[in-house]
There are 2 protein chains.
Amino acid sequence: MPDKSEFQVVENQSNLTNKNVNNPYAGVDSFLSNVSNFQIIESTLREGEQFANAFFDTETKIKIAKALDAFGVDYIELTSPTASEQSRKDCEAICKLGLKSKILTHIRCHMDDARVAVETGVDGVDVVIGTSSFLREFSHGKDMAYITKSAIEVIEFVKSKGIEIRFSSEDSFRSDIVDLLSIYRTVDRIGVNRVGVADTVGCASPRQVYDLVRTLRGVVSCDIETHFHNDTGCAIANAYAALEAGATHIDTSVLGIGERNGITPLGGLMARMYASDPEYVKAKYNLPALREIENLVAKEVEVNIPFNNYITGFSAFTHKAGIHAKAILNNPTTYEILKPEDFGMTRYVSIGHRLTGWNAVKSRVDQLNLPLSDEQVKDATQKIKQLADVKSQMSMDDVDNILRVYHASIEAGEPGQSPEFNTLIERAQ
Amino acid sequence: MPDKSEFQVVENQSNLTNKNVNNPYAGVDSFLSNVSNFQIIESTLREGEQFANAFFDTETKIKIAKALDAFGVDYIELTSPTASEQSRKDCEAICKLGLKSKILTHIRCHMDDARVAVETGVDGVDVVIGTSSFLREFSHGKDMAYITKSAIEVIEFVKSKGIEIRFSSEDSFRSDIVDLLSIYRTVDRIGVNRVGVADTVGCASPRQVYDLVRTLRGVVSCDIETHFHNDTGCAIANAYAALEAGATHIDTSVLGIGERNGITPLGGLMARMYASDPEYVKAKYNLPALREIENLVAKEVEVNIPFNNYITGFSAFTHKAGIHAKAILNNPTTYEILKPEDFGMTRYVSIGHRLTGWNAVKSRVDQLNLPLSDEQVKDATQKIKQLADVKSQMSMDDVDNILRVYHASIEAGEPGQSPEFNTLIERAQ
């Protein structure tokens, strides 16, 4: 981590309004799109518990559930009550908290599981079964007729208890499309609340997601939930493509934790959706709370926030190249699609390095109130670059030193000529 | 980090061939697609130097360049020789290494920069200028007529020196489409080698990328390079969409380092492309070298490899939920789109936790050569779950302990009945 004094905090100077009107980077318009109308099913307490390092005790689960509720997620999904005795008790405890978020639990498509789930107090049950030929052969070994029969039995039972129900396939993108659409239509007709599409292995690409969800949108009238693993780096883009194609619900977890390298991260999804419709996202979710939730979960599963994390990574709002710094100082929206202050974050412009530019240096000169002409600032910038070529960790103090020496050289009648420049460079070598 | 003894290494049991024939998760077929025919422009030594923490001295640059060359990247892009005196010397030094990768440098669209660049010994020059109204107003303040004139002058000059040349717009997705296509057609006609499309602010979505690149593909006959920032989580998916639409070159950096939270990461792109065409990717790039390159760069810029990093993150090949573990033990391709051994990595199946399943436990029982029936393994699995409910860091030793006590209880004629189970749980509480 660089010395923070290397950086310069810049006030937001944007005069642009936030109106989405004429927003050139809004979603591709479509009557199908739910980019400005979606719900989050937050699965840190289910998918997240499948992360290698995750062990959540009751107190931790409650803390995380309350934080997600305060953030404004629409649903909180919990580990199956059949996983273990404590899992069942924790599920019951969270249902009793009286949160605004609806509480779901996630079970296999089996009456044994369904009977336990409906007694926990949840608002809804998420049912899943593997439909791909891979899973049918190597996991549960059941055929589509059996899967359909089980699905109908479980769905009708859960509905009879007045509880919301979702039916999802697993590994949907390696399933037979006819099998998939057939079972989705069947469960839609018997009144399932949502069908789920899951990229369980993280193989899908956005165009595949768009095509499958758009086709499904024409087959069922219920809501469509989507779940994307991130093995090949498309979990956020796939969620976005799904919403463009008419999906209604997106599964997330905090920092994306889950099986293997995880799923669509809550923060990353917020970045993506904010870029398309900032007003909708800001009105619905408590964005400045994101950092705290990520810190909480990172601590519990003993990982660091990735250096390149969306929004909250340490350099997410740091601008370095001279050409970027100059433009950011003129208008932050030139190189920023996200306003840091909307997330409780701060912008930095880094100027003490060899890629710096004279416009960025000039803004520091102005802060220091040094009377230098543009030509003199350009000359001083060359001195900064000289020092940066030999000094890896250049602080704002180093920059200020050069500017002061430069200013003194002018007052001495010899602009840019001072033995002190050489001293600074020799000391750094 | 969990105790590694918690995990169980599983040999690859896949008998499936790697043939892409009938690969259900291959790219959407299209005559435009370059998913199985693309080149990498590796920009760790240019874009990566714009990362907040990056300061590469000459020795480090050479080490990184050699590692990238050995990995097999097609191009290595370097910081402009005009950035600083040392930047110019480093550029010359890397050109003299005689690497297989072609060497590029990246300059502003200006004759002052071009004259310096062509003297460094590079194979090609990447020229960039901001074309969006944002950048034209707040960055360089130049109009399209001026931009076109400068572009032609620089391109003709660089070509006259027998050096490859690319012309890229900056912030392409917020630029006027007519302006963009007009200047791209102009530079294509005067013989530029590549045109570049850059999502400088990280706002683009895959469908926007596909649309723009497909349109561009119909306008120019030269190669198309693309550059994607990751602020909204689409940098890998956008690169993939660009290739589907006919782009030929993708910009990457190691771990994605660059301005703000960076660009398309080399490793993440490998994961994505491998999922679509493993044979092409394995033949062209030295995948097992990826981890070493990432470690090298991570050390130099003083960051940790993100816990959820593609391929090399510590849990990228860890399987935890019982249903996953069971299927992976039957056939790894059920829940794995990437074969860990192709990247020099190892698969782990985690079984000491409350989400475990009896099939995964059974495989451990077999390894220990304990003569337990399926019913007995199921019963023993419940004991493991009981202990896991109270013990967050359960090692493989803990699992083995339970299995041995269970086995002893059978030999004692009282299956599952032993005071030792309670002792284990009490000790953990």
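Throughout, read-outs are computed from the coordinates displayed, never taken from laboratory work. A quick note: this is a predicted structure, and the numbers were derived from the prediction, not measured. Methodologically, a virtual Cβ is constructed for each residue, glycine included, from the backbone with ideal geometry; neighbour enumeration extends over all protein chains shown.
Descriptive notes on the structure:
- Going from the residue with the fewest nearby Cβ atoms within 10 Å to the one with the most, B:405, A:365, A:154 rank B:405, A:365, A:154.
- Helix axis angle, A:419-428 relative to chain A longest principal axis, alpha carbon, degrees: 40
- Only aspartates and glutamates eight or more places from residue A:161 in sequence, or on another chain, were considered; those with a Cα closer than 14 Å are A:119, A:123, A:153.
- Label-to-label distance, nm, for residues given as residue A:58 and residue B:408 (7 Å Cα→Cβ offset): 3.1
- Chain A, relative contact order [Cα under 8 Å, separation at least 6], %: 17
- Within-14-Å neighbourhood charge of residue A:419 [Cβ basis; K, R +1; D, E -1]: -1
- Cα centroid separation, the range B:300-340 to the range A:227-305 (Å): 19
- Folded to 0 to 90 degrees: helix B:396-411 orientation relative to chain B principal axis, Cα: 20
- Taking the range B:47-116 and dividing mean pair separation by its residue count, relative contact order in percent (alpha carbons under 8 Å, at least six apart): 31
- The angle separating the long axis of helix A:290-300 from the principal Cα axis of greatest extent in chain A is about 70 degrees.
- In this structure, the pairs whose alpha-carbon distance is over 27 Å, taken from A:100/B:385; A:326/B:66; A:142/B:378; A:63/A:320, are A:100/B:385; A:326/B:66; A:63/A:320.
- With a 10 Å cut-off around each Cβ of B:324-337, the average count of Cβ atoms from other chains is 6.
- With neighbour counts taken as other beta-carbon atoms within 10 Å, the residues B:348, A:310 rank, fewest first, as B:348, A:310.
- Using the Cβ-Cβ distance between residue A:378 and residue B:102 with R0 set to 30 Å, the FRET efficiency from 1/(1 + (r/R0)^6) comes to roughly 0.35.
- Debye log10 I(q)/I(0) at q = 0.15, 0.18, 0.21, 0.31 Å⁻¹ for the range A:42-95, Cα point scatterers: -0.36, -0.52, -0.72, -1.44
- Around the Cα centre of chain B, unit charges on the Cβ atoms of Lys, Arg, Asp and Glu (plus for the first two, minus for the last two) sum to a dipole of about 480 debye.
- With a cut-off of 9 Å between beta carbons, the residues surrounding residue B:193 carry a summed charge of +1, where Lys and Arg count +1 and Asp and Glu -1.
- Part-to-part distance (alpha-carbon centres) for the range A:356-389 and the range A:115-163, which is given in Å: 66
- Calculated FRET value between residue A:368 and residue B:110, using beta carbons and R₀ = 22 Å, to 0.05: 0.15
- Where only DSSP H runs of four or more residues are counted, chain A gives -13000 deg cm²/dmol as its mean residue ellipticity at 222 nm, each run worth -39500 (n - 2.57).
- Beta bridges per DSSP with both ends in the protein assembly as shown, % antiparallel, nearest 5: 10
- Burial ordering of B:253, A:350, fewest other beta-carbon atoms within 10 Å first: A:350, B:253
- Position residue A:346, label points 7 Å along Cα→Cβ, spacing to each other copy in nm (shortest first, one decimal): 4.4
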